[in-house]
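Only one structure is covered here, and it is reproduced in the block below.
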Amino acid sequence: DTWEPARFGWVFPLARAYVLTGEEQYPQTFMRYFHEFSSQNPPNSGAHWASAQEVALRIIAFVFAWQVFQNSPCFDEAFINQLTQSIAEHAQRIPPTLQYARSQNNNHLISEAVGLFTAGTFLHTHPKAKKWKQLGSHWFHRALQMQIAPDGSYVQHSMNYHRLMLQL
């Protein structure tokens with residue numbers, strides 16, 4: 001009940017609904033919950049900032065939402081600036097604890113690497129974008145080499161974590 005809504009995984013079906021219908025209620029819903037989350041969870045404080053993996057999953061969802069909703073009239077310049085600032089704040093949260101994800105050598109490392117790469121690609125003009133992209137790419141490829149056996153099995157013996165790794 002705590003983690004799932006804050007991962008913004010519900011953005012993906014919302015975006016599909018928008019693509020199918022063009023109805024503005026979908027980007028408006030994203031914006032409403034983005035603002036609610038942002039106002040109640042300031043950067044680097046509280047439960048939703050404790051895990052860099054959770055932060056990375058939000059980056060991926062936020063960038064996906066922008067890609068799908070960007071032409072919506074409600075995605076004005078002010079909102080886009082808020083969203084990109086939030087993505088940058090999220091990306092800055094990951095590197096300080098990447099060592100922990102590396103020591104775990106599991107889905108956390110893959111998630112965080114993909115989050116950094118996504119932020120670095122999306123925010124290509126940000127001063128730290130190149131570093132985020134390089135760091136994300138490096139650790140993503142290393143994680144795949146370390147975590148996937150030649151037969152395709154995953155280091156974590158869980159179908160859910162295997163699925164997550166494949167999705168990332």
Quick one: Pro42 ticks every box in (1) open to solvent by 30 Å² or more (accessible area, probe 1.4 Å); (2) part of a helix (DSSP H, G or I) bar one, so which box is it?
(2)
Does Pro42 fit the bill of being under 18 Å from the mean Cα position of the chain (by Cα), under 25 Å from Ala101 (Cβ atoms) and at pLDDT below 95?
no
Quick check on Gln99: is it more than 16 Å from Trp139 (Cβ to Cβ), of a type in the set (S, T, N, Q) and surrounded by fewer than 20 Cβ atoms within 10 Å (Cβ to Cβ)?
no
Inside segment 70-94, can you point out the residues that are open to solvent by 50 Å² or more (accessible area, probe 1.4 Å) and part of a helix (DSSP H, G or I)?
Glu77, Ala78, Asn81, Gln82, Gln85, Glu89, Gln92
Filter segment 16-32 for residues that are outside any helix (DSSP H, G or I) and surrounded by fewer than 13 Cβ atoms within 10 Å (Cβ to Cβ) and give the result.
Gly22, Glu23
Inspect all residues belonging to segment 150-166 and state whether any of them is part of a helix (DSSP H, G or I) and open to solvent by less than 10 Å² (accessible area, probe 1.4 Å).
no
Does Leu109 satisfy the condition of being touching a helix residue (DSSP H, G or I) at 6+ places or on another chain (Cβ under 9 Å), without any contact (Cβ under 8 Å) to a residue 40 or more places away in the chain and buried (at least 21 other Cβ atoms within 10 Å of the Cβ)?
yes
Can you tell me which residue among Gly120, Gly115 is in contact with a helix residue (DSSP H, G or I) (Cβ under 9 Å, 6 or more places away or on another chain) and closer than 22 Å to Asn160 by Cβ?
Gly115
Looking at (1) among the hydrophobic types (A, V, I, L, M, F, W, C); (2) farther than 20 Å from His90 by Cα; (3) outside any loop (DSSP other than H, G, I, E, B), which one does Ala61 not meet, given that it meets all the others?
(2)
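The values are calculated or read from the model by the stated rules, or taken from the named source; none is laboratory data. It should be emphasised that the depicted structure is a prediction, and the values quoted were computed from it without experimental measurement. With ideal geometry, Cβ positions are generated from the backbone for all residues, glycine too; neighbour counts draw on all protein chains shown. Protein only, heavy atoms only, side chains kept; ligands, DNA and RNA dropped before computing areas. Shrake-Rupley method; radii C 1.70, N 1.55, O 1.52, S 1.80 Å.
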